[in-house]
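A.B. asks: One structure coming up, written as structure tokens, with questions to follow.
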Amino acid sequence: MRNIMARLIPRSLASAMGLQKLGLFLLIPFASFTSHTWMPLPPNLLLFGIAGIITCLLYDAHFTLSERQSKPLRWSTNPYRPMIRTLLWFTAYMLVTQYFIDAPLRRYIGTLVSPVYGALILLLVQDMDKDYLKKLTEKFIRYTVYLFIIEALIRYGVSIYKIMEGTNYYQGFYRFKFYSPIYVETNGLSIHLISMFFFVLWWAQHTGQNMRFYLISLFVLVVLCLSRTSIISVPVGLVYFFLAKRYSWKNLLIAFGLIGCLAGFCALFFLESLVNDPSFQSKYQILYAAIDYFQHIDLLTFLFGIGFTLSNNVLDIYAHNYFLVYLIESGLFGLLIFVWILWLFIRKTNGLALIVILPLAVQILSSAITYVPFLYTILPLILIFSNNSLIQSKQLC
């Protein structure tokens, strides 16, 4: 077996460290390479599978390719054990509950993979050179920005072509929210872009690197999503980013309250168009349908859910709200565990993860995607580098 492995794997990788670097390379830079429309299987899901095999090999105490070069990783010495354990327990809970409520596996496989994606990264970073991790993080940022620039060009190009052809049947700005090669519509895309924008903002401050091109590109891409929720989430995140270090939570709440009042005041000028807007009307439809649904379900369904992607079956419309999706599809326990994981990242990073989580929490009030490997890449990276003495970090809370 050892001879076979030695032939299959190049000499440069014929060591535990080489395989460890390969596993991280497959996971981190390509975390954004997903597709819900053009491809039957997301590319990052395939890379995740290879990285998972590598991780299992490295944590096997009997695995060696060369007695001198290889040393298996050990669970007992991994500094991220509590977080890894929580992510894996979350996955186990979802796997068991979704199986017993007869949810179709192909519908929730991505939801199961997402937390394991973060667990694999935390498993593989053990004893890893931080300079190599920095290079991978920079590749992650660069590849993601270039990928979504191409996505925007394709989406707008196809939309304009269909308008000229007379086959784009959407109205107003909705004509440019679909036809994406990655997401079904741009509300899901906004979750991805908002997370990346604030991660890059944190990374620029944390490392002192010039990320102006990437930040401007991501901001323009967020605007091109034409998502009103993302337009609200950006100032919320920026207020926290620039004021959290200087002011108390009381002052921050006042600032957020003023932003809310300003947004409400501005909405008054567009009240008629908002009332007649199909997206705005759908939010009320979802709210009333959800209230009626919870009035008629039994306790077990409320606690364990009905199965991922199946909320459309009971609401007659997909619940475009991340928290509502988790509550209906994975039950109260699933929602609480998900919120608990976010809280753990906030606590373990001394509040740094809030830079991403706070604007994300605003964005997901109006959209929902449960396959989020990018999120479970961003949060572990913040966790890893927030405790890294090689980088001068400015605490934000």
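The values are calculated or read from the model by the stated rules, or taken from the named source; none is laboratory data. For clarity, every value in this text was computed on a predicted model and none was experimentally measured. Don't worry about glycine lacking a Cβ; one is built from the backbone with ideal geometry, like all the others, and counts go over all protein chains shown.
Yes/no matrix, rows are residues, columns are (1) more than 15 Å from Ser386 (Cβ to Cβ); (2) among the hydrophobic types (A, V, I, L, M, F, W, C); (3) at pLDDT 90 or above:
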{"position": "Val314", "(1), (2), (3)": "yes, yes, no"}
{"position": "Tyr318", "(1), (2), (3)": "yes, no, no"}
{"position": "Leu327", "(1), (2), (3)": "yes, yes, no"}
{"position": "Leu335", "(1), (2), (3)": "yes, yes, yes"}
{"position": "Ile341", "(1), (2), (3)": "yes, yes, yes"}
{"position": "Arg347", "(1), (2), (3)": "no, no, yes"}
{"position": "Gly351", "(1), (2), (3)": "no, no, no"}
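A.B. asks: Give me the pairs: first residue in the stretch 189-210 and free of Cβ contacts under 8 Å to residues at least 12 places away in the same chain, second residue surrounded by fewer than 24 Cβ atoms within 10 Å (Cβ to Cβ) and not in a helix (DSSP H, G or I), beta-carbon distance under 8 Å, and six or more apart or on different chains, which are they?
C.D. replies: Close Cβ pairs satisfying both conditions: Ala204/Asn210; Ala204/Met211.
A.B. asks: Then there is this: With the checklist (1) free of Cβ contacts under 8 Å to residues at least 60 places away in the same chain; (2) more than 30 Å from Asp298 (Cα to Cα) in hand, flag the one item Leu335 doesn't pass.
C.D. replies: Leu335 satisfies every listed condition except (2).
This table checks each residue for (1) within 14 Å of the chain's Cα centre (by Cα); (2) over 30 Å from Leu133 (Cβ atoms); (3) surrounded by fewer than 17 Cβ atoms within 10 Å (Cβ to Cβ); (4) among the β-branched types (Val, Ile, Thr).
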{"position": "Ile286", "(1), (2), (3), (4)": "no, yes, no, yes"}
{"position": "Asp292", "(1), (2), (3), (4)": "no, yes, yes, no"}
{"position": "Gly307", "(1), (2), (3), (4)": "no, yes, no, no"}
{"position": "Ser311", "(1), (2), (3), (4)": "no, yes, no, no"}
{"position": "Ile328", "(1), (2), (3), (4)": "no, yes, no, yes"}
{"position": "Ile364", "(1), (2), (3), (4)": "yes, no, no, yes"}
{"position": "Ile378", "(1), (2), (3), (4)": "yes, no, no, yes"}
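A.B. asks: Testing Met128 on (1) among the hydrophobic types (A, V, I, L, M, F, W, C); (2) under 30 Å from Phe213 (Cα atoms); (3) part of a helix (DSSP H, G or I); (4) out of contact with any Ser or Thr (no Cβ under 6 Å at 6 or more places or on another chain), one condition comes back false. Which one is that?
C.D. replies: (3)
A.B. asks: If the requirement is being among the β-branched types (Val, Ile, Thr), part of a helix (DSSP H, G or I) and farther than 24 Å from Thr229 by Cβ, which of these qualifies: Ile160, Ile149, Ile141, Ile154?
C.D. replies: Only one candidate qualifies: Ile160.
A.B. asks: Next question, about the same structure. Could you list, in sequence order, the residues of the stretch 123-132 that are surrounded by fewer than 21 Cβ atoms within 10 Å (Cβ to Cβ) and not acidic (Asp, Glu)?
C.D. replies: Within the stretch 123-132, Gln126, Met128, Lys130, Tyr132 meet the criteria.
A.B. asks: Going through Leu336, Leu324, Leu352, Leu360 one at a time, which residue ends up being assigned to a loop (DSSP other than H, G, I, E, B) and under 24 Å from Thr86 (Cβ atoms)?
C.D. replies: Leu352
A.B. asks: Anything in the stretch 148-184 that is within 17 Å of Pro42 (Cβ to Cβ) and buried (at least 16 other Cβ atoms within 10 Å of the Cβ)? List them, or say none.
C.D. replies: Phe148, Glu151, Ser180, Ile182, Tyr183
A.B. asks: Is it the case, given these coordinates, that Glu138 is surrounded by fewer than 21 Cβ atoms within 10 Å (Cβ to Cβ), modelled with pLDDT under 95 and among the acidic types (Asp, Glu)?
C.D. replies: Against the criterion (surrounded by fewer than 21 Cβ atoms within 10 Å (Cβ to Cβ), modelled with pLDDT under 95 and among the acidic types (Asp, Glu)), Glu138 does not qualify.
A.B. asks: Restricting to the stretch 90-99, what's the tally of residues that are in contact (Cβ under 8 Å) with a residue 60 or more places away in the chain and aromatic (Phe, Trp, Tyr)?
C.D. replies: Of the residues in the stretch 90-99, 2 are in contact (Cβ under 8 Å) with a residue 60 or more places away in the chain and aromatic (Phe, Trp, Tyr).
A.B. asks: Follow-up question, since we're still on this one. Determine if the stretch 160-182 includes at least one residue that is farther than 21 Å from Phe33 by Cα, among the small types (Gly, Ala, Ser) and touching a Lys or Arg at 6+ places or on another chain (Cβ under 8 Å).
C.D. replies: no
A.B. asks: In addition: Can you tell me which condition Thr301 does not meet? The list is (1) crowded, with 16+ Cβ neighbours inside 10 Å; (2) not in a helix (DSSP H, G or I); (3) not aliphatic (A, V, I, L, M), and all the others hold.
C.D. replies: (2)
A.B. asks: Given the options Ser227, Ser279, Ser233, name the one that is among the hydroxyl-bearing types (Ser, Thr, Tyr) and at pLDDT below 70.
C.D. replies: Answer to the selection: Ser279.
A.B. asks: If you check Phe198, Phe178, which single one turns out to be in contact with a Gly (Cβ under 6 Å, 6 or more places away or on another chain) and within 29 Å of Val158 (Cβ to Cβ)?
C.D. replies: Phe198
A.B. asks: Then there's this: Go through (1) surrounded by 12 or more Cβ atoms within 10 Å (Cβ to Cβ); (2) among the polar types (S, T, N, Q); (3) within 30 Å of Tyr93 (Cα to Cα); (4) modelled with pLDDT of 85 or more for Gln209 and report which single condition fails.
C.D. replies: Here Gln209 meets the rest and fails (3).
A.B. asks: Find all pairs meeting these conditions: Cβ atoms under 7 angstrom apart; at least six residues apart or on different chains; first residue within the stretch 136-149 and over 14 Å from Phe25 (Cβ atoms); second residue not in a helix (DSSP H, G or I).
C.D. replies: Thr144/Ser32; Leu147/Ser32; Leu147/Phe33
A.B. asks: Evaluate the following for Leu303: is it within 17 Å of the chain's Cα centre (by Cα) and at pLDDT 90 or above?
C.D. replies: Taking the combined requirement at face value, the residue does not satisfy it.
A.B. asks: So, one more: Being of a type in the set (A, V, I, L, M) and in contact with an Asp or Glu (Cβ under 9 Å, 6 or more places away or on another chain): is that true of Ile141 here?
C.D. replies: No, not satisfied.
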